[in-house]
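Since the structure comes first, as structure tokens, the remarks are kept for the end.
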Amino acid sequence: MSLKGFVRTHQNLYKRPPVLQEYPARTTSVGGYMDKQQVLHTLQKAQEASKKRKFEQTVDLVINLRDINVKRTNERVNLFIDLPHPHGKTVRVCGLVDAQLAQAAKQHFDTTVQKEEFDALQADTKRLKKLASNHDYFVAQATIMPLVARSMGAVLGKKGKTPNPKAGCVVPPTADLAAVKKRLEKLVKAEAKTEASIKCPVGKESMDKEKIAENVMAVYNSVKTALPQEEHNIKNVMLKLTMGPVIKVEK
């Protein structure tokens, strides 16, 4: 063999093998990635799978998590999320105010309790528990929040109804209560405290599907951002109507 042939042969022996591109395994259920078209497709399937009822059903979103230990406080999810569109469920609001906001509260909220009534309400535990059960949110005037905590904190706290600043439910005496009520109609709570799963309403079956899908994406993106490893902590996403089966969002 000539010198040139010897060199050429050994060069071929030591050539790097071609690099094979690796592709992620294809899965059927959506975990860390989801888009609006997938949501619309799943919503259509969920509506087709649910029988017609004599009442209007709610569309619920379920996000199941993975590699999350809800026993650790730093891994729990506890969010209030502003939806782009109202979710359609009736939201009952109780205002806890003094004279400065009393008139506006009576105009825009379902129930108004003025500070002069706090002591009597505190003494009537049965009435206070009923009040807590009949309302979704309690909005308190910031200047009397210590009185609210003292007289109602124990009962409202157990019901998860304590006025929460994160939800915009602790307001100044100059607050626009019409705007507060409007915001609460588009607010949902997404939490995972006792199990690695989040459930919340995102619309009614009669709503425009595009609006429901946009609500779903708003919750999904907010939850994803709040997770330690973001999309890697999302196991799957599902939609269902009140009385219908759970349908996974699929690729």
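Assorted remarks:
- Scan of the stretch 52-76 for residues that are in contact with a strand residue (DSSP E or B) (Cβ under 7 Å, 6 or more places away or on another chain) and farther than 23 Å from E231 by Cβ, ordered by number: E56, Q57, T58
- For the stretch 201-213, a tally of residues being surrounded by 20 or more Cβ atoms within 10 Å (Cβ to Cβ) and under 14 Å from the mean Cα position of the chain (by Cα) returns 4.
- Taking the criterion of being among the small types (G, A, S), under 18 Å from L83 (Cα atoms) and out of contact with any Leu (no Cβ under 7 Å at 6 or more places or on another chain), the residues of the stretch 196-251 that qualify are G203, S206.
- Only listed residue being at negative phi, out of contact with any Phe, Trp or Tyr (no Cβ under 9 Å at 6 or more places or on another chain), hydroxyl-bearing (S, T, Y) and assigned to a helix (DSSP H, G or I), chosen from T112, T174, T143: T143
- L184 satisfies every condition listed in (1) touching a residue at least 12 places away in the same chain (Cβ under 8 Å); (2) on the phi > 0 side of the Ramachandran plot except (2).
- Candidates G153, G157, filtered to the one that is part of a helix (DSSP H, G or I), modelled with pLDDT under 95 and within 29 Å of N221 (Cα to Cα): G157
- Residue in the stretch 116-125 that is of a type outside the set (F, W, Y) and surrounded by 18 or more Cβ atoms within 10 Å (Cβ to Cβ) present: no
- Of all residues assigned to the stretch 196-206, none qualifies as being of a type outside the set (G, A, S) and out of contact with any strand residue (DSSP E or B) (no Cβ under 7 Å at 6 or more places or on another chain).
- The set of residues in the stretch 126-135 being assigned to a helix (DSSP H, G or I) and surrounded by 15 or more Cβ atoms within 10 Å (Cβ to Cβ) consists of L128, L131, A132.
- Only residues that are among the charged types (D, E, K, R) and either modelled with pLDDT of 90 or more or closer than 18 Å to P201 by Cα (or both) were counted across the stretch 54-87, and they come to 5.
- Taking the stretch 105-115 as the range and being within 29 Å of the chain's Cα centre (by Cα), surrounded by fewer than 18 Cβ atoms within 10 Å (Cβ to Cβ) and touching a residue at least 12 places away in the same chain (Cβ under 8 Å) as the test, the residues that pass are Q107, D110, T111.
The values are calculated or read from the model by the stated rules, or taken from the named source; none is laboratory data. Since this is a predicted model, take the numbers as computed values, not measurements. For neighbour counting, all protein chains shown are included, and Cβ atoms are generated from backbone atoms with ideal geometry for every residue, glycine included.
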